[in-house]
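Just so it is clear, none of the values below were taken in a lab; they were calculated from the coordinates. Keep in mind that what you see is a predicted model, and the values were worked out from it rather than measured. When we count neighbours, we look across all protein chains shown, and the Cβ atoms used for this are built from the backbone with ideal geometry, even at glycine.
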DNA sequence: CTGTATCCCCTATGATACTG
DNA sequence: CAGTATCATAGGGGATACAG
């Protein structure tokens, strides 16, 4: 817990040092968080953490994602180095997506949050209900 | 790492079981992730993980946040149960924000990702540069 | 000091149709 | 099968002014 506190202060100081010439743009945390907080990113990361998937497989696995967002989310994850895209010259061509080492490493880190969410989301929902009820 | 894989599959299965009647809305992970992925949420959580802050203090600590977003982000964090808001009847009134136990617990979980980001954001940036350069 | 109320813009997401 | 292109929409976020 002391580690938490000291770390938090240092992070803020680093952020403040960059305000004015970059600010959040240079923030390590936002660099990472911004591109994995999309609507479908976590879901696709979880799928690929299990095993490699082809494009169409992912589409069927996540039935309510639009083709556009599947393409775009995968591309963003690939751009950040989390996902590897391999094209196989079958006919018609097939494309396989898989986690890179960097992606797996990041997944191991974000997994703590996923796990927390599974254990505590009811408390969060309850807090929302209570907050909304308290509004006059 | 077997834990990772098995867990990921179960999470996807839980998600798929809800597609059609709720889907992402009932997803524990999105319930949590959606409201801490805002532009300023992580920064404010880190500040409050250090110590309680007054509204004006936070404003000076994070000079480039608009008053509107400071108010709104704090309110969202409070609504989810992460932040406690206390009004002191001074003149003029002052308001103090602090982490709740739930907030501190969540912070401990998300901290792993923050730590990863600090250690690996250069690799992510490098991956982006490489990806962009490969575009014709 | 700590907010609320407007107005405005930009980006993320979605629906649909088309292509190698 | 695995995408692109185009158009439309909603919400996040900022600037500014006002209020208790």
Inset, instruction - Before rounding to the nearest 500, sum -39500 (n - 2.57) across all DSSP H runs of length at least 4 in chain B and divide by the residue total; then give [θ] at 222 nm in deg cm²/dmol. - result: -20500 deg cm²/dmol
Inset, instruction - Please give the helix A:41-50 orientation as an angle from the longest Cα principal axis of chain A, in degrees from 0 to 90, rounded to the nearest 10. - result: 60 degrees
Legend entry - Ordering of A:47-54, B:13-20, A:78-85, A:58-65 by packing [mean C-beta count within 10 Å, highest first]: A:78-85, A:47-54, A:58-65, B:13-20
Legend entry - Cubic angstrom per residue, convex hull over Cα atoms of segment A:44-88: 72 Å³
Inset, instruction - Distance between Cα centroids, segment A:54-99 to segment A:114-136: provide it in whole Å. - result: 33 Å
Inset, instruction - Taking a label point 7 Å out from Cα toward Cβ, give me the nm distances from residue A:72 to the same spot in the other copies, shortest first, one decimal. - result: 2.0
Legend entry - Chain A, closest residue to the rotation axis toward B, by beta-carbon, whole angstrom: A:37, 2
Legend entry - Computed over chain B: relative contact order in percent, which uses C-alpha pairs under 8 Å that are six or more apart: 18 percent
Inset, instruction - May I ask you to sort A:46, B:69 by Cβ crowding, counting other Cβ atoms within 10 Å and putting the fewest first? - result: B:69, A:46
Legend entry - Copy-to-copy label separations for residue A:101, where each label sits 7 Å from Cα toward Cβ, in nm and ascending: 4.3
Inset, instruction - Sort shortest first the distances from residue A:128 to its counterpart in every other copy, using label points 7 Å along the Cα-to-beta-carbon line, and give them in nm. - result: 2.9
Legend entry - Degrees, to the nearest 10: A:67-79 long Cα axis against longest axis of chain A: 70 degrees
Inset, instruction - Quick one: divide the alpha-carbon radius of gyration of chain A by 2.2 N^0.38 Å and tell me what you get. - result: 1.33
Inset, instruction - Mind running the shape call on segment B:84-126? Use the C-alpha gyration tensor, a ≥ b ≥ c as the square roots of the eigenvalues: rounded below 1.5 for a/c, prolate if a/b tops b/c, oblate otherwise. - result: oblate
Legend entry - Crossing angle, helix B:101-133 versus chain B [Cα axis fit, 0-90 degrees, rounded to tens]: 50 degrees
Inset, instruction - Calculate how large, on average over all directions, the projected area of the Cα convex hull of the protein assembly as shown is; give the answer in nm² to one decimal. - result: 17.0 nm²
